[in-house]
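Worksheet: the structure to be examined is printed underneath.
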Amino acid sequence: MAIYEIEMPSGVIAHSLADAERHALAMAEHVAQALRAAISTRGTATLVVSGGRSPARFFERLSEQELDWDKVLISLADERWVPTDDPQSNAGLVHRHLLREQAVRAKFIGLYQPAVSLEAAAHMANEALALLPMPIDVLVLGMGEDGHTASLFPGSPNLAAALDHDCPRRCLPMLAPSEPSQRLSMTLPLLDSARLVLLPIEGEAKLATLRAALAGNDAMQMPIRAFLHSPLEIYWRP
Ligand SMILES: O=C1O[C@H](COP(=O)(O)O)[C@@H](O)[C@H](O)[C@H]1O
């Protein structure tokens, strides 16, 4: 089913791409254009990306884009609480697939901190994120088939606090139902500040999740709902 058959909320733009390579390149060109515009207007640009299984190809296409990467600060919407050399690490994914080619000159603030507990690590990440210029220029979210985004998982103990527009924390500990379960996530005030938000949707299962998310309002059940409004642009591919 083509995504244009789904009615989008006002101001949400949907793009349909035929295959994985066109999808990755279209997103990379859009992000690069927004980063160039931010640098030209404000002198710097802030890019926040997601991890998981999906973004490697998009990261590689983005890393090849020509722009003043030394003026770009990259961070993560969420992280698995594992060291960077762990295969599950989102920072590791960014280092392998994005901080290369042209983008090797970008600066990076990760969320992972070695600490005595997940709560202590989240406090340290909270401090590290104070260096991130606000608002975020470009946020690239991901979405799981359960409707989670970043590491904002339905049923996670801190979810209500993380989805509160007045949450005083930049980062909170979260628990995923999948491994690794211990996660760190940026909270809504940071994420929802972004000037541009891209959401890639790959495959029929995630399209069904998007359809279900658009049919209701409760972000505690499907946290992606908190982001289904302008300035969101959805990039779909089969
Ligand atoms: O756990 C996570 O899941 C989402 C979706 O990831 P994917 O594996 O389905 O691509 C991702 O956006 C998030 O960053 C990641 O930590």
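Read-outs throughout are calculated quantities, based only on the coordinates presented, and are distinct from any laboratory measurement. Everything numeric in this text was worked out from a predicted model, so none of it was measured. Quick reminder, even Gly has a Cβ in these numbers, built from the backbone with ideal geometry, and neighbours come from all protein chains shown.
Values computed for the structure shown
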{"item": "Cβ charges +1 (Lys, Arg) and -1 (Asp, Glu), total dipole of the chain, debye", "result": "340"}
{"item": "Equivalent ellipsoid semi-axes, region 135-203, via Cα gyration tensor eigenvalues times 5, rooted, Å", "result": "19, 17, 9"}
{"item": "Segments 183-192, 94-103 sorted - mean Cβ within 10 Å per residue, highest first", "result": "183-192, 94-103"}
{"item": "Residue 42 paired with residue 88, simple spin-label distance in nm, labels 7 Å along Cα-to-beta-carbon", "result": "3.4"}
{"item": "Isotropically averaged projected area of region 11-237, using the convex hull of Cα atoms (one quarter of hull area), nm²", "result": "11.2"}
{"item": "Gained length - residue 175 relative to residue 218, 0.36 nm times residue gap less alpha-carbon distance", "result": "13.6 nm"}
{"item": "Debye intensity ratio in log₁₀ form over the Cα atoms of region 45-139, taken at each q of 0.10, 0.23 Å⁻¹", "result": "-0.25, -1.23"}
{"item": "Cα Rg, Dmax (largest Cα-Cα span) when computed across region 118-238, Å", "result": "13.9, 41"}
{"item": "Charge-dipole axis of region 11-237 as Lys and Arg at +1 and Asp and Glu at -1 on Cβ define it, positive-most pick from 226, 114, 212", "result": "226"}
{"item": "Difference of contour (0.36 nm per residue) and Cα-Cα distance, residue 8 to residue 96", "result": "28.2 nm"}
{"item": "Region 117-160: proportion of alpha-carbon pairs further apart than 13 angstrom, %", "result": "69"}
{"item": "Rg/Rh ratio calculated on Cα atoms of region 1-46 (Kirkwood radius)", "result": "1.11"}
